[in-house]
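The values are calculated or read from the model by the stated rules, or taken from the named source; none is laboratory data. Since the structure is predicted, the reported quantities are computational estimates derived from the model, not experimental observations. Cβ placement follows ideal geometry from the backbone for every residue including glycine, while neighbour counts extend to all protein chains displayed.
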Amino acid sequence: TGGMVAYSEYKTGNSPLSIENKHMDPKKKKMVVLGTGWAGISFVKDLDPSTYDVKVVSPRNYFAFTPLLPSVTCGTVEARSIVEPIRSIVKKRIGEIKFCEAECTKIDAANKKIHCRSTFENSPVPSRDFSLEYDYLVIAVGAQVNTFNTPGVMEHCHFLKEVEDAQRIRKSVIDCFEQAVLPDLSEEEKRKNLHFVIVGGGPTGVEFAAELHDYIHEDLVKLYPGVQKFVKISVIQSGDHILNTFDERISAFAETKFSRDGIEVLTGCRVVSVSCDSITMKIKASGEVCALPYGMVLWSTGVGTRPVVKDFMEQIGQGHRRVLAIDEWLQVKGCKDVFAIGDCASVDQRKIIDDITSIFSVADKDNSGTLTIQEFQDVIDDIRVRYPQVDLYMKTNHMQSLRDLLRDAEGNEMEVDIEGFRSALLHVDSQLKSLPATAQVAAQQGEYLSRCFNCLEECKANPEGPRRFRGSGDHMFLPFRYKHLGQFAPLGGEQAAAELPGDWVSMGHSTQWLWYSVYASKQVSWRTRTLVVSDWTRRFIFGRDSSG
Ligand code: FAD
Ligand code: MG
Ligand code: MG
Ligand code: MG
Ligand code: MG
């Protein structure tokens, strides 16, 4: 079975990057990286280019610090402060790492080739097509907005994915205010122009609502006197709570803060269509359909797969899937030498129950057909590394040791046969969770993969392998393991909520300062760090700019 292969592969070190032949390749291997977002940049940043001929392809020649995009929509931070040119990121190694400003239009997996198109908007030269060959391909193209095919969304809504989106939103907010103060407008028209609707109560939508509220109440109402009473911000959320991926305490805190601030939260509503001046939604509980006139809508409801990735998935037999599946070493399932990281892919974690027979036979050293506690103990560490759901299961069930699984009703340790073993581990997979589409995951995957590639050549030269990347078993590379470092939700009014490791939740003004310091320290360069901090300072002293 597939399970058998997976476990024994792991035991014998056949990870995708293990040594295929022991000869040193005199020619550098060609490596192509698609994308300059969180995943692509963190991969390239640490990659040792002396062993690979690296080409990076992306339609954007800069990296954008997405967590600060909501701040750009209201001018709290300037757009140029959160972007860093890719050429300056790889500067030290330019010549070794080459960059092409182009979009990959097709991945040809069978011929190990990609096709690209270069388009320069500000140049009269027509777009140019070219192709590149690869030995290794790293796909880090991120995801695209997901409209769920809702009519009118593409035409009438704003999105917040790219720097240009944030700049457009900023202009559009000002336009709404300028329109509302034109002569001869009825109150109803003013109300419509100043109704800001956010579809999606996830972190981006909530943060934008909070930023917009502060911007309006701290800066704009002073510049547009008399319109304050017509302003309204609404958040439409299909679920029961906003920020539902966060701890309940944070969700509740955000909802309370929003209701105090007058931000209306409409939960349990699904948008069915958007026209040029109103948004139609269905209230799930009653089935009632109603239309809300609006001035501006931000659509922020999750992400979808890009067409180039969809097409690639069809080529490699993943056409039936929603997201590109990769294994725990971040290699695309069913496609050797192609890796995918960040929002464009999802780790397809193996289920322990599918591998139960092979785990049992590896553990049962004396082939007795039963497993003693000692035999189980000897493989526990391997199991925990290979199946991260085991640790989560232990945590949620307050177990000190996996050995506790093999206890009978009286709490005595017992010897089990294969059926007993299967039933003992039956519920472990219930803790399987897919990783969130966040910068944190993307960056950690990029770092992990570059570490593997960096020591791959070292391993070839020295088949014993570098000790530091060896696990407790005899496998070459440990599977990727995500380490959650917590997440923030800025809520406006100099308040934020944070979920930190160890189930620690912190909310309020001090958390906002923690947010400032973490986000300043996470900047990719001292240049952007200085710019961001000076933007914050400028905003504290002079308020935000309102020319649009
Ligand atoms: P991206 O960063 O989107 O990068 C994709 C790259 O691929 C881009 O350079 C793009 O130009 C390029 N590309 C696209 N198509 C092609 C193609 N055909 N060929 C070649 N290149 C291509 N995460 C957090 O952890 N914390 C936060 O606070 C946070 N806040 C966020 C706020 C906002 C407003 C948004 C939009 C996202 C936020 N995220 C946050 C999520 C985070 O930005 C994403 O998870 C992260 O960017 C994913 O990284 P990625 O490299 O997979 O994709
Ligand atoms: Mg990327
Ligand atoms: Mg990015
Ligand atoms: Mg992902
Ligand atoms: Mg035995």
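Of the strands (runs of 3 or more DSSP E) lying entirely inside the stretch 255-347, those containing at least 2 residues that are aliphatic (A, V, I, L, M) and within 16 Å of ligand 1 (Cβ to nearest atom) span 296-299, 324-326, 338-340, 345-347. Suppose the filter is closer than 26 Å to THR280 by Cβ, among the hydrophobic types (A, V, I, L, M, F, W, C), within 22 Å of the chain's Cα centre (by Cα) and buried (at least 18 other Cβ atoms within 10 Å of the Cβ); does LEU160 pass it? Judged against the criteria, LEU160 is a match.
Right, VAL206: surrounded by 19 or more Cβ atoms within 10 Å (Cβ to Cβ) and not in a helix (DSSP H, G or I) or not? Spelling it out, it is not the case that VAL206 is surrounded by 19 or more Cβ atoms within 10 Å (Cβ to Cβ) and not in a helix (DSSP H, G or I). When each of ILE174, ILE107 is tested for being in contact (Cβ under 8 Å) with a residue 40 or more places away in the chain, outside any helix (DSSP H, G or I) and not polar (S, T, N, Q), the lone residue that passes is ILE107.
Checking each residue in the stretch 329-348 for being in contact with a Gly (Cβ under 7 Å, 6 or more places away or on another chain) and modelled with pLDDT under 95 picks out only GLY334. Applying the condition of being surrounded by fewer than 21 Cβ atoms within 10 Å (Cβ to Cβ) and in a loop (DSSP other than H, G, I, E, B) to the stretch 89-104 and asking which residue is modelled with the highest pLDDT yields GLU96. In the stretch 392-431, of all residues being β-branched (Val, Ile, Thr) and over 18 Å from ASP354 (Cβ atoms), the one that is surrounded by the most Cβ atoms within 10 Å (Cβ to Cβ) corresponds to VAL416. In the stretch 349-375, of all residues being among the hydrophobic types (A, V, I, L, M, F, W, C) and in contact (Cβ under 8 Å) with a residue 60 or more places away in the chain, the one that is farthest from ligand 1 (Cβ to nearest atom) corresponds to PHE360. Taken together, ASP129, ASP135 contain a single residue that is more than 30 Å from VAL272 (Cα to Cα) and without any contact (Cβ under 8 Å) to a residue 40 or more places away in the chain, which is ASP129. Of the strands (runs of 3 or more DSSP E) lying entirely inside the stretch 477-548, those carrying at least 3 residues that are within 21 Å of the chain's Cα centre (by Cα) and modelled with pLDDT of 80 or more are 487-492, 495-500. Can you tell which of ASP417, ASP391, ASP429 is more than 16 Å from ligand 1 (Cβ to nearest atom) and farther than 23 Å from GLN349 by Cβ? Sole residue among the options that is more than 16 Å from ligand 1 (Cβ to nearest atom) and farther than 23 Å from GLN349 by Cβ: ASP417.
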